[in-house]
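S.K.: Take this structure, written in structure tokens, and hold onto it; I'll ask about it next.
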Amino acid sequence: MKNSIIILKQKMGTNNSGSFEPAVIYDNASIEKSKILKENKRKAGIYLWIHKESDKKYVGSAVDLNKRLYKYYSSYYLNKEQTYIF
């Protein structure tokens, strides 16, 4: 249980002020991989990866969350990049 992913949504009534709150929290990115990818197909959004052991965080955004998050699960990406994701 090294990582969690939080999909964020803009707080109601903030009118682009940059205030966000969790929309969905996936506590274990490894175990919930298929659920994460399935639930975020054809969705745009902002996400927050949290490496639980180091508490390092990464915020990203994507027009298609499924495609972006799938990249993080690919062995090519994990071998190419130095990452705390897995």
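S.K.: Considering only the stretch 19-74, how many residues are within 15 Å of K2 (Cβ to Cβ), open to solvent by 30 Å² or more (accessible area, probe 1.4 Å) and free of Cβ contacts under 8 Å to residues at least 40 places away in the same chain?
M.R.: So the count comes out to 8.
S.K.: Can you tell me which of K56, K11, K52, K41 is more than 12 Å from the chain's Cα centre (by Cα), closer than 17 Å to S74 by Cα and among the basic types (K, R)?
M.R.: It is K41.
S.K.: For the stretch 75-86, what are the residues that are assigned to a loop (DSSP other than H, G, I, E, B) and either modelled with pLDDT of 90 or more or open to solvent by less than 100 Å² (accessible area, probe 1.4 Å) (or both)?
M.R.: E81, T83, I85, F86
The values are calculated or read from the model by the stated rules, or taken from the named source; none is laboratory data. Just so it is clear, the model here is predicted, and its values are computed rather than measured. Quick reminder, even Gly has a Cβ in these numbers, built from the backbone with ideal geometry, and neighbours come from all protein chains shown. Side chains included, ligands, DNA and RNA excluded: accessible areas come from the protein's heavy atoms. Shrake-Rupley method; radii C 1.70, N 1.55, O 1.52, S 1.80 Å.
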